[in-house]
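Okay, structure first, notes after.
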Amino acid sequence: MKKTLAALLTAALLTCLCTAFAADPSASDWAQDSLDQAIALGFVPEDLQSAYQQDITRGEFAAIAMQFLAAQYGYDVENFYFALTWRAVQDPDAPQLESPFVDGVSRHVDWAYSLGVVNGRRMTENEAGLKRGTFDPDAPITRQEAATMLCRAYAVYGGSLEDAAGPSFADTFTDAGQVADWALDSAEAMWALGVMGGTGDGLFTPLGLYTREQCIVTFLRLWQSGPVSRAKDNVAKLEGPSQEETIAYLKDGPSGFPFNVEKRWDTKLCVVLYGEYGGMPAKAGPDLILVYPDGRILRVDDGIPAVNPRGTAPNLENLTLSPDETTLTYSVTYTDRSEMDGFVYHEPGVYRVSLDLATGKATLTVTPLNP
């Protein structure tokens, strides 16, 4: 287990943050503003920011749920997975990552299952206690299933069904009796909190399918209306690794890929590490990693093209920290053109980067050179 968790820690460290985009025109008019808000808050995966009226799948719901939970704890999703995995390694009583599914393996689904947000289907358990089964990641979700998973997500960061008090569900919806026993408490709670409404004509329609936009909008309402929420600043802190613990992990490389630090800058905003991972089957080239005081990490994506078709990163030149310790500048010079099978990997030029250490945002400028 610890070997697997260590590999996942490295995977998280090797992934950079995503950029949020506004909702696209495929959204319904009633949902557009809410979708934009949810995207701005950071809990809509980039690949789900389209086709909003399409039925959402179980795998997609798990991805949104995990990004929503990350936002509730004040993380981007990669650092959330890093913190969860770190806690699992350090504390055997913390939620441990389980991967029981033989179909549709993904971190989002595995962690959502491990935290109790989603369940599997056709699960079995052998004499050793090993669980196996299917998840059906591409299957659609019903409204009563959505209510149940919303409640489970709410419980992860301290919410309770007892938080919900409102109008009588049974008196409001004429089809309340059609809600499954296992979903009734959740449907009542999501209705009472104003997270889920009806479908018109006094119906809740428990077996109706759920769309992407409905999923995102209800998560936003849970953020806004839930008595426990980061919006109300009352979500308990998730204890992840400290800054130095993260750096030590990088350097030790328990998964077989130690980060060999060539240069280190201790700034007032973060620790900047420049070096290269060892143990790789092929040379990957150097990396620039920012480690923040709360243990969050950011692998810098500066837009400088690779050296060759293998994706090898170039050596950085003229690394300079600004006097106020807020900006790191550096450059890369390519004197020739790199091309293979009609694809150009880089053009000759001087590639200069100004890196904002507070945000990790890199600004790239290119001065062309004659080949």
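Key figures
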read-out	value
Trypsin sites (Lys or Arg not before Pro) restricted to DSSP loop in the stretch 211-268 with at most 16 other C-beta within 10 Å	K237, K268
Prolate/oblate/rounded label for the stretch 243-368 (Cα gyration tensor, a/c 1.5)	oblate
Alpha-carbon centroid distance for the pair the stretch 208-283 / the stretch 126-155, whole angstrom	25 Å
Candidates D252, D76, D181, ranked by Gaussian network fluctuation over the chain, Cα under 10 Å, top entry	D181
E145, E276 arranged by Cβ crowding within 10 Å, fewest neighbours leading	E276, E145
For the stretch 44-73 versus the stretch 107-122, the gap between their alpha-carbon centres in whole angstrom	14 Å
Coil-residue chymotrypsin sites (Phe, Trp or Tyr not before Pro) of the stretch 239-301, DSSP, other Cβ within 10 Å capped at 11	none
Neighbour-limited loop hits for GluC sites (Glu not before Pro), the stretch 25-117 (at most 15 other Cβ within 10 Å; DSSP other than H, G, I, E, B)	E98
Net +/- balance of residues flanking R122 in space, Cβ distance below 13 Å, scoring K and R +1, D and E -1	0
Charge tally in the Cβ shell below 10 Å around R212, where Lys, Arg are +1 and Asp, Glu are -1, R212 excluded	-3
Among A146, A112, G198 the positive-end extreme of the charge dipole of the stretch 2-232 (Cβ point charges)	A112
Mean Cβ count within 10 Å, highest first, over the residues of peptides 192-200, 323-331	192-200, 323-331
Expected 222 nm ellipticity per residue - DSSP helices of 4 or more, -39500 (n - 2.57), all of the chain, to 500	-9500 deg cm²/dmol
Radius 10 Å from Cβ of P137, net charge of other residues (Lys, Arg +1; Asp, Glu -1)	-3
Ranking of L250, L150 by count of other Cβ atoms within 10 Å, fewest first	L250, L150
Between helix 2-13 and the chain: long-axis angle, C-alpha atoms, 0 to 90°, nearest 10	70 degrees
Estimated dipole of the chain in Debye, rounded to 20 [Cβ of Lys and Arg +1, of Asp and Glu -1, Cα centre]	780 debye
Exceeding the 27 Å Cα-Cα cut-off - candidates K131/K232; K263/K361; K237/K268; K268/K361	K131/K232
Relative intensity, log₁₀ I(q)/I(0), of the stretch 180-324 from a Debye sum that treats every alpha carbon as a point, q = 0.09, 0.10, 0.12 Å⁻¹	-0.56, -0.64, -0.75
Cα shape, the chain, gyration tensor, a/c 1.5 rule	prolate
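Any read-out appearing in this document is the output of simple, stated calculations on the displayed coordinates, not a laboratory observation. Treat the numbers as computed from the prediction; the structure is a model and nothing was measured. Backbone-built Cβ (ideal geometry, glycine too); neighbour counts: all protein chains shown.
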